[in-house]
Structures are given as structure tokens and as C-alpha cells.
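Beneath this line is the structure, given in C-alpha cells, with notes to follow.
Read the figures in this text as sums done on the coordinates, not as results from a lab. The model shown is predicted, which means the values in this text are computed figures rather than measured ones. Here the Cβ positions follow ideal geometry from the backbone for every residue, glycine too, while neighbour counts run over all protein chains shown.
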Amino acid sequence: MPINGSTIITDTTIFLRDMLASGITDPITRGTNERFIMTSYPERPATYPLITVVPQGPADIRRLGFQSEEHYVKLPYEIRIWARSQRQKEQLTEQVYTWLRTNQFSGTYATTDQSLWGFRLDGTTIVDEPGKDGVKSFILNIQYNFIAI
């Protein structure tokens with residue numbers, strides 16, 4: 001599914017979810033109504049680990065030139081890895097980052113084939129609940145650029 005300039009946020013979110021699902025192996029077996037990678041924060045009790053892909057913008061939209069209908073769009077996303085153990089959180093974070101970084105220019109889910117350019121990791125945040133049973137999470141703040149025609 002190509003990313004459309006009129007539905008850019010939805011299309012990009014679904015593309016990133018599907019891209020991650022194609023390359024990141026779920027370490028547990030889930031029921032048919034449970035997802036490993038989601039496009040929103042869990043609203044009901046969840047089975048960990050899981051990954052969320054949540055849009056954070058667009059952050060910046062600029063016209064590409066005087067009297068141009070084309071726009072340069074910066075698309076920030078939060079990719080969040082949720083787990084019950086520190087080790088699982090770290091392993092999944094490394095897999096997600098490596099998968100995003102290495103699938104920019106080739107492969108079935110090459111981001112450049114979807115007109116998503118300039119992958120950037122803008123920052124990371126660790127959000128761990130206290131205690132041994134607390135949920136551990138690692139946030140990757142990423143960004144792509146898109147030319148909307």
C-alpha cells in the first residue's frame with residue numbers, strides 16, 4: 001500500500017506497524033485476539049511484551065517552492081517497547097532499531113519505496129515502573145521525511 005499525501009499519518013502508521021511485524025519476532029505465543037505490535041496504547045489489560053507505533057505529528061510542513069502544491073513533511077513517531085523484564089526490553093529495542101535502520105533502501109519494506117526518506121533517531125527515553133513486576137519500556141523517537149504531492 002503506497003503512502004498517500006492525503007492520508008499520510010494513517011498510511012505511515014500502518015506501514016510502520018506492518019514493517020515491524022514482518023521483521024520482529026514475537027517472543028511469546030498469543031491468542032488470536034491479541035496483538036504484539038499495535039498502533040495505540042493498550043486500553044485494556046495487555047500481555048507483555050508489546051510494541052506500540054504512535055504518530056507524534058506531523059511536526060513540520062513546508063511548501064517546496066513559491067506557487068508549488070508539493071510539501072515537505074516531517075513525520076515524527078514514537079516506537080515504544082513494553083516488557084516485563086529489562087533483558088527482554090533491551091533485546092526488542094535493539095531488534096526494532098536495527099530493523100528500522102537497515103530497511104531504508106532495500107527489502108520488501110524499504111521505506112524509500114514508500115517515499116519515506118531520511119530516517120532519524122531523535123532520542124530515546126526509558127520509562128520503567130518501579131519494582132520487579134513493574135512494566136519496563138523504552139521509547140524510540142524516530143522521524144521520516146515525506147514529499148506530499
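Quick rundown of the values:
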read-out: Neighbour cut-off at most 11 other Cβ (10 Å), DSSP loop, chymotrypsin sites (Phe, Trp or Tyr not before Pro), segment 96-134; value: PHE105
read-out: Label point distance in nm, ASP128-LYS74, each placed 7 Å from Cα along Cα→Cβ; value: 3.1 nm
read-out: Backbone N within segment 96-130 under 16 Å of label point (7 Å from ALA46 Cα along the Cβ vector); value: 96, 125-130
read-out: Full-stretch length increase - THR32, THR98 - with 0.36 nm per residue and alpha-carbon distance subtracted; value: 21.0 nm
read-out: Segment 29-42 - phi-based ³J(HN,Hα) in whole Hz, Karplus 6.51/-1.76/1.60, Gly and Pro as x; value: 8, 10, x, 5, 9, 10, 10, 8, 10, 10, 9, 7, 5, x
read-out: Extension gain from VAL135 to ARG62, taking 0.36 nm per residue of separation minus the Cα-Cα distance; value: 22.4 nm
read-out: ILE37 long-range amide H proximity, modeled H, under 5 Å; value: ILE51
read-out: GNM top mover of PRO49, PRO76, PRO27 - the chain, alpha-carbon springs below 10 Å; value: PRO27
read-out: Cβ-derived FRET efficiency at R0 30 Å, SER22 paired with ARG87, nearest 0.05; value: 0.80
read-out: Backbone HN-Hα couplings from phi across segment 114-129 [Karplus 6.51/-1.76/1.60, Hz, Gly and Pro as x]; value: 9, 6, 9, 10, x, 3, 9, 9, 8, x, 9, 9, 9, 10, 10, 6
read-out: Under 5 Å, built H, 5+ apart or other chain: amide partners of VAL135; value: GLU129
